[in-house]
Amino acid sequence: MALDYQSLAVKSVQALSPYQPGKPIEELARELGLNPGEIIKLASNENPLGPSEVALAAARKALEESCLYPDGNGFELKQALSKRFGVPMSQITLGNGSNDLLEVVARCFVGPDSEVIFSQYAFAVYPLVTQAIGAKSVSVPAKEWGHDLDAMSAAVNERTKLIFVANPNNPTGTVHDAVALEAFLERIPERVLVVLDEAYCEYLTGDEFPDGIRLLNRFPNLIVCRTFSKAWGLAALRVGYSISSPEIADILNRVRQPFNVNSVALAAASAVLEDEAYLNRSREVNKAGLRQLSEGFDRIGLPYIPSVGNFVAVDVGEQAADVYQALLSHGVIVRPVAGYGMPRHLRVSVGLPEENERFLVALSKALQSVGQGS
């Protein structure tokens, strides 16, 4: 009789379901016999502009030394981040995407007897890393699709070790301003760490941007996580970073893998930080795309959650799964979010104008095909 290796896994891992990313273009092409070049993917909150030419040039140069291990300390990228944000390099930890750092934080500070707080409708990785460690997940009911910060602070007890706050939030696109964040942090004991996940923060500017880095001096238990995967257009290279107190960063750097960010990613990320024109273009395209999608949903008569990210969650009704499948038949990939407890919604990433329009046309046809359209 074959050994049941499932039974050998620790109990907390046995019950896990793998994270489901957006469907790849190549997979849909194989499944439905479609031309990959005619498929559009609006499922994974990727930057529709493609990578920055500045980043590409740095990446190509780094490839020439692919036989060498990367700089395990990521000196140049840390130096660039330090210059951009005005923080010492000792406060920066690099990760294989910000997901990597979310897990590292949990591994460093959370044990099986601990509790981790996060919001309903928040990023799926939070419960995954909590359960993998064997800690208790405390999911606080959302308020108007966003974090109920008052309820989250009230949920803290003597077993609470960590709180995840996504701002802006994925998949709902909601955001809290700096005043609300400060009031929340003031209510959290210093012994409880707060991870402020700002993966989409670059899409906010001026007074609308509640910059978590500015709060670090006041709140030593705060860890700010960001990524190069969204507005900076480097999703495939997997590079993120956290900024925290030097003491916390020292702990994180003991646990993270020494070569967790590869040389190509380090070079591209360091270079793209200087490409302000690319970042501004990303913001402009995203702002226009959000408006285009919102106006399209209004025309069709579909409710949606106003978003400040690079995506919108739209309510397509009780047959959302069928609408999703119908969209696939039209060569349009979006993201079902039933796994987030939102079975009526589809999350749509902002694409280029022509991609957004093609999606809206396909959506109208999909709704009609399942009997929900006008």
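Quick notes on this structure:
- Yes/no for residue 93 being polar (S, T, N, Q) and either free of Cβ contacts under 8 Å to residues at least 24 places away in the same chain or assigned to a strand (DSSP E or B) (or both): yes
- Among the residues making up the range 43-61, those that are farther than 18 Å from residue 284 by Cβ and either in a loop (DSSP other than H, G, I, E, B) or free of Cβ contacts under 8 Å to residues at least 60 places away in the same chain (or both) are 43, 44, 60.
- Apart from one condition, residue 108 fits all of (1) over 30 Å from residue 345 (Cβ atoms); (2) without any contact (Cβ under 8 Å) to a residue 12 or more places away in the chain; the exception is (2).
- Only a single criterion out of (1) farther than 22 Å from residue 245 by Cα; (2) free of Cβ contacts under 8 Å to residues at least 60 places away in the same chain is not satisfied by residue 170, namely (2).
To keep it simple, each residue is scored yes or no on (1) crowded, with 16+ Cβ neighbours inside 10 Å; (2) touching a Gly at 6+ places or on another chain (Cβ under 6 Å); (3) assigned to a helix (DSSP H, G or I).
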| position | (1), (2), (3) |
| --- | --- |
| 266 | yes, yes, yes |
| 269 | yes, no, yes |
| 279 | yes, no, yes |
| 286 | yes, no, yes |
| 291 | no, no, yes |
| 297 | yes, no, yes |
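- From the list 104, 110, 140, the lone residue that is aliphatic (A, V, I, L, M) and within 30 Å of residue 306 (Cα to Cα) is 140.
- Residue 361 meets the stated requirement of being assigned to a helix (DSSP H, G or I), modelled with pLDDT of 95 or more and among the β-branched types (Val, Ile, Thr).
- Within the range 201-222, the set of residues being assigned to a helix (DSSP H, G or I), touching a residue at least 40 places away in the same chain (Cβ under 8 Å) and closer than 30 Å to residue 57 by Cβ comprises 202, 203, 213.
- Candidate set from the range 328-347 (those that are of a type in the set (Val, Ile, Thr) and closer than 17 Å to residue 39 by Cα); member that is nearest to the chain's Cα centre (by Cα): 334
- Of all residues in the range 223-234, one or more are modelled with pLDDT of 95 or more, touching a Phe, Trp or Tyr at 6+ places or on another chain (Cβ under 7 Å), in a strand (DSSP E or B) and under 29 Å from residue 46 (Cβ atoms).
- Count - residues of the range 301-339 that are buried (at least 17 other Cβ atoms within 10 Å of the Cβ) and either outside the structural domain of residue 358 (by TED's automatic domain parsing) or not in a loop (DSSP other than H, G, I, E, B) (or both): 17
- The range 223-236, subset free of Cβ contacts under 8 Å to residues at least 60 places away in the same chain and among the aliphatic types (A, V, I, L, M), residue surrounded by the fewest Cβ atoms within 10 Å (Cβ to Cβ): 236
- Of the residues screened, residue 79 is not one that is among the polar types (S, T, N, Q) and either under 22 Å from the mean Cα position of the chain (by Cα) or in the same structural domain as residue 338 (by TED's automatic domain parsing) (or both).
The values are calculated or read from the model by the stated rules, or taken from the named source; none is laboratory data. Model, not experiment: these values are computed from the prediction. Positions of Cβ are generated from backbone atoms using ideal geometry, with glycine treated the same way; all protein chains shown enter the neighbour counts.
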